[in-house]
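One structure is given below, encoded as structure tokens.
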Amino acid sequence: MESTVASKLEALSKLQSIDSQLDEIKRVRGDLPEEVQDLEDEIEGYEVRVRKFDDEVAGLNDSIAQRKQAIKDSENLIRKYEEQQQNVRNNREYDAITKEVELQKLEIQISEKKIKEAHFQIEQKISEIEDTKHRLEERRKDLENKQKELEQIVAESQEEEKKLEDDRQSAASGVEDRLLSAYNRIRKNVRNGLAVVSVKRDACGGCFNTVPPQRQADIAAQKKIIVCEHCGRILAGVELRVF
Ligand SMILES: [Zn+2]
């Protein structure tokens, strides 16, 4: 059996009333869910940065260890050359070995310079890590507080919200698909979430533009679904003037 326009409008009005109550619950929660999400993202960014710093410091420590080994190798070579120098047969051999020794001494100097630079870089990185860890700690505290706040607000309205969600589902199932998607579309496009309104004091209850008398009569007759010509909201009825 086809449902009448009146029953369609009644179902839509019921859906609207439930959605308005759900909107109010979300309004009370405000920006908290978004703030919690933002903090979680920020914390993750800091954690990635700390891990990257740790990797970089490990890399610098590796290069220091390699340079230290290179210095030991050069020192061993120098000792070996100096022993050889005791047994040279002529000046040419002596000079050649002297050159080799000087070359190794130069290598040692370069390594010492690189080690010093690496230590300096490590110091800088460590102070950066400390800063980041400090900020991370602060943000974690912020997050903890915000989460508690949100949990409390959610807990207060959870039962009511659950009931409304259930009610919404059964109310929505009573509205035909085409009408439901129109309703959802209007709700998404209007500021106050009202897709279904009444005519009050000769005006649309959503945008407050005047609704002409003939149109009000059509709305009251409930022969077809009529939308506001200014805002597109569904006009479900005409509220009688109270004098
Ligand atoms: Zn309107």
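The lone criterion from (1) within 16 Å of the ligand (Cβ to nearest atom); (2) surrounded by 14 or more Cβ atoms within 10 Å (Cβ to Cβ); (3) without any contact (Cβ under 8 Å) to a residue 60 or more places away in the chain left unmet by N184 is number (1). Among the residues of the range 157-169, none qualifies, meaning not one is closer than 17 Å to I18 by Cα, part of a loop (DSSP other than H, G, I, E, B) and in contact with a helix residue (DSSP H, G or I) (Cβ under 6 Å, 6 or more places away or on another chain).
Could we say that L179 is part of a helix (DSSP H, G or I) and either touching a Lys or Arg at 6+ places or on another chain (Cβ under 9 Å) or surrounded by fewer than 16 Cβ atoms within 10 Å (Cβ to Cβ) (or both) here? Spell out how you get there, then give the answer.
Values: part of a helix (DSSP H, G or I): yes; either touching a Lys or Arg at 6+ places or on another chain (Cβ under 9 Å) or surrounded by fewer than 16 Cβ atoms within 10 Å (Cβ to Cβ) (or both): yes.
Answer is yes for this residue.
Regarding I64, is this residue under 41 Å from the mean Cα position of the chain (by Cα) and not acidic (D, E)? Explain how you work it out, then say what you get.
Working: under 41 Å from the mean Cα position of the chain (by Cα): yes; not acidic (D, E): yes.
Yes; evaluated as a whole, the condition is true for this residue.
When E165 is tested against (1) within 15 Å of the ligand (Cβ to nearest atom); (2) in contact (Cβ under 8 Å) with a residue 60 or more places away in the chain, exactly one condition is not met: (1).
For the range 193-217, how many residues are part of a loop (DSSP other than H, G, I, E, B) and either under 11 Å from E229 (Cα atoms) or within 8 Å of the ligand (Cβ to nearest atom) (or both)? Give the steps one after another, and end with the answer.
Filtering the range 193-217 down to residues part of a loop (DSSP other than H, G, I, E, B) leaves 193-195, 201-202, 205-209, 211-212.
So of that shortlist, the ones also either under 11 Å from E229 (Cα atoms) or within 8 Å of the ligand (Cβ to nearest atom) (or both) come out as 205-209, 211-212.
Count: 7.
Just one of the listed residues (L15, L60) is outside the structural domain of S157 (by the TED database) and assigned to a helix (DSSP H, G or I), and it is L15.
Here is a yes/no grid of residues against (1) exposed (fewer than 14 other Cβ atoms within 10 Å of the Cβ); (2) within 30 Å of I110 (Cα to Cα):
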{"position": "S7", "(1), (2)": "yes, no"}
{"position": "L22", "(1), (2)": "no, no"}
{"position": "I25", "(1), (2)": "no, no"}
{"position": "L32", "(1), (2)": "no, no"}
{"position": "D54", "(1), (2)": "yes, yes"}
{"position": "V57", "(1), (2)": "no, yes"}
{"position": "D62", "(1), (2)": "yes, yes"}
{"position": "K68", "(1), (2)": "yes, yes"}
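Of the conditions (1) within 11 Å of the ligand (Cβ to nearest atom); (2) free of Cβ contacts under 8 Å to residues at least 40 places away in the same chain; (3) in a loop (DSSP other than H, G, I, E, B), G232 fails just one. Which one is it? G232 satisfies every listed condition except (2).
State all residues of the range 146-176 that are of a type in the set (A, V, I, L, M, F, W, C) and surrounded by fewer than 16 Cβ atoms within 10 Å (Cβ to Cβ); if no residue qualifies, say none.
Start the filter on the range 146-176 by keeping residues that are of a type in the set (A, V, I, L, M, F, W, C), which leaves 150, 153-155, 164, 171-172, 175.
Passing the criteria: V154, A155.
Among what's in the range 220-229 and is within 12 Å of the ligand (Cβ to nearest atom) and of a type in the set (A, V, I, L, M, F, W, C), pick the residue that is surrounded by the fewest Cβ atoms within 10 Å (Cβ to Cβ).
Applying the filter and picking the extreme gives V227.
The values are calculated or read from the model by the stated rules, or taken from the named source; none is laboratory data. Treat the numbers as computed from the prediction; the structure is a model and nothing was measured. Every residue, glycine as well, gets a Cβ built from its backbone with ideal geometry; the counts of neighbours run over all protein chains shown.
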